Structures are given as C-alpha cells and as structure tokens.
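The values are calculated or read from the model by the stated rules, or taken from the named source; none is laboratory data. For clarity, every value in this text was computed on a predicted model and none was experimentally measured. Positions of Cβ are generated from backbone atoms using ideal geometry, with glycine treated the same way; all protein chains shown enter the neighbour counts.
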Amino acid sequence: MVSAHLCPPDVVSSAVELGDNATENRLANDDQPALYCPSEVRILILDDDESICRMIQAALSSSTFKVDIVSDPLRIEDALHGKAYQVIILDYVLPGLEAEQVLDWIRETQPDASIIVVTAYPSIDSALSCLRARTYDYLTKPFQVSHLQRVVNRCLESRGLLRMSEEALRESLGTIIRERRKGLGLTLAQMAQRTGVSLGYLSQIELGKNSASIETLYRITLGLGMKLAELFQAVQNS
C-alpha cells in the first residue's frame with residue numbers, strides 16, 4: 001500500500017471500493033488459477049478517464065500486485081520519475097500530450113517496464129508507432145477486463161515475474177491429463193496398463209494431489225499419444 005504523502009494526489013494506491021464493479025472483478029479473479037509472484041510487481045495505469053483507471057485497478061489489484069493510477073495528464077511525467085514499474089498500461093490518446101512524447105518518457109524513466117497500450121481510436125499509424133516503441137500489446141477500447149488480465153499475466157510470465165503456484169500447476173496438469181484420457185475413451189486401468197504407472201498414482205495425479213516426475217509425465221504423454229511439450233503448452237494456454 002502506498003501512503004498518500006509518498007505520491008502525487010492523482011496516484012492512488014490499490015485499495016479501492018467499486019461496488020458492483022469490484023464484486024464482478026473479484027468473481028472473475030476467483031476463476032483464475034492461483035499464481036505465484038516471486039517478487040513485488042508494480043503496475044502503473046495512465047488514462048485520463050478515472051473510471052477506466054479504477055476499473056482496471058480493481059481488476060489487477062491483488063496481494064502480489066501494487067497498482068497505481070494517474071488520471072491527470074499533467075502529473076504523468078512526475079509519476080514516471082517515481083517508483084519503478086514492471087508494467088505500464090497507457091491510454092494512447094491523452095489530452096494535451098503527444099503519444100510519442102509519453103512513450104519517450106517511459107523509455108527514459110522506466111526502461112525495464114513493459115508497455116500495454118489501450119486506445120479508443122485505433123489506427124495504422126498508432127499501431128506502427130507502438131510497434132516501433134516495442135510495446136508488449138495494443139488493445140482497443142472497449143475491451144473485456146478478463147482479456148486485459150490475461151495479457152498482463154502473459155506479460156509477467158514471459159519475464160519470469162509470475163508463474164502458477166505448485167498447487168495450481170498440479171491441478172492444471174491433472175485436469176488436462178484426465179480430459180485427454182477420457183477423450184480417448186480410456187479408463188484409468190487401461191491408462192495404467194499403457195504407461196506402467198500404478199492406477200492409484202495416476203488417480204492422484206489426475207486429481208492434482210500428487211506431483212509427477214518428468215519421467216512419469218513422459219510415460220503418461222506417450223500413453224495419451226502426445227508430446228511432453230504439448231502437455232506443458234496446454235497448461236500455459238489454460
């Protein structure tokens with residue numbers, strides 16, 4: 001939590017009450033797999049529409065994300081000279097500011113930050129500008145909050161700043177293995193015979209109660225007619 005005296009008035013810490021919107025966002029987060037953040041992640045939202053800032057903030061705020069917002073374009077440059085951020089969500093069109101100038105400020109003051117651009121006025125020129133600036137993604141408004149959550153998670157995962165918890169990984173692997181087995185019309189007993197893995201152990205793996213070694217997962221994927229890499233790709237896509 002950022003104390004008020006440590007940041008400009010328009011930079012608000014992540015504890016926000018949004019009524020029905022907050023409830024919907026919490027419900028959306030409940031459907032997400034448990035994620036583990038090995039280090040503190042800070043996210044900055046730059047958008048002159050404060051309601052959008054707070055909606056995104058509520059969707060991304062968690063015990064591991066520190067989310068600040070700036071809705072006054074005149075305070076953006078100062079905010080970028082403050083704390084270091086891992087992700088910056090930027091509205092491409094800000095009153096009184098040129099997008100290229102803001103992108104330059106970000107590159108100069110936050111060289112390690114990944115930039116996700118959102119805009120209600122998509123164009124080829126702005127898309128090319130963002131491509132040249134090596135932004136991570138370019139989203140058009142209106143967008144689904146759940147989609148933005150996935151984009152942010154993928155961005156952090158690609159940098160090794162976010163990954164599934166061990167429990168969530170076990171459950172995801174188990175679910176994929178179980179669904180694949182059932183899709184092939186195989187019983188647990190038949191799967192055990194195919195793989196040489198005991199029926200009880202297979203059951204525990206499918207339920208996400210037990211961690212399987214790489215060797216065991218390799219034998220399971222052979223029994224399912226898939227590659228080991230495909231299994232982990234399915235986990236990532238889930």
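Details
- So residue 145, is it of a type in the set (A, V, I, L, M, F, W, C) and either outside the structural domain of residue 38 (by TED's automatic domain parsing) or at pLDDT below 95 (or both): yes
- Strands (runs of 3 or more DSSP E) within the stretch 68-146 that include 2 or more residues β-branched (Val, Ile, Thr): 87-91, 114-119
- On the stretch given as the stretch 23-60, residues that are polar (S, T, N, Q) and at pLDDT 85 or above total 2.
- If the condition is being surrounded by fewer than 16 Cβ atoms within 10 Å (Cβ to Cβ), closer than 23 Å to residue 149 by Cα and in contact (Cβ under 8 Å) with a residue 40 or more places away in the chain, then the stretch 93-128 contributes no residue at all.
- Residue list for the stretch 209-228, restricted to those being surrounded by 18 or more Cβ atoms within 10 Å (Cβ to Cβ) and within 26 Å of residue 34 (Cβ to Cβ): 212, 217, 220, 221, 224
- Of residues in the stretch 181-208 being in contact with a Ser or Thr (Cβ under 9 Å, 6 or more places away or on another chain) and within 19 Å of residue 234 (Cα to Cα), the one surrounded by the fewest Cβ atoms within 10 Å (Cβ to Cβ): 208
Let's see how each residue does on (1) outside the structural domain of residue 223 (by TED's automatic domain parsing); (2) closer than 18 Å to residue 70 by Cα; (3) of a type in the set (A, V, I, L, M):
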position: 88; (1), (2), (3): yes, yes, yes
position: 115; (1), (2), (3): yes, yes, yes
position: 133; (1), (2), (3): yes, no, yes
position: 176; (1), (2), (3): no, no, yes
position: 183; (1), (2), (3): no, no, no
position: 197; (1), (2), (3): no, no, yes
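- Top-ranked residue in the stretch 34-67 [being among the charged types (D, E, K, R) and assigned to a strand (DSSP E or B); ranked as surrounded by the most Cβ atoms within 10 Å (Cβ to Cβ)]: 66
- Hey, residue 172 closer than 22 Å to residue 35 by Cα and part of a helix (DSSP H, G or I) or not: yes
- Tally of residues being among the acidic types (Asp, Glu), under 19 Å from residue 50 (Cα atoms) and touching a Ser or Thr at 6+ places or on another chain (Cβ under 8 Å) across the stretch 78-109: 1
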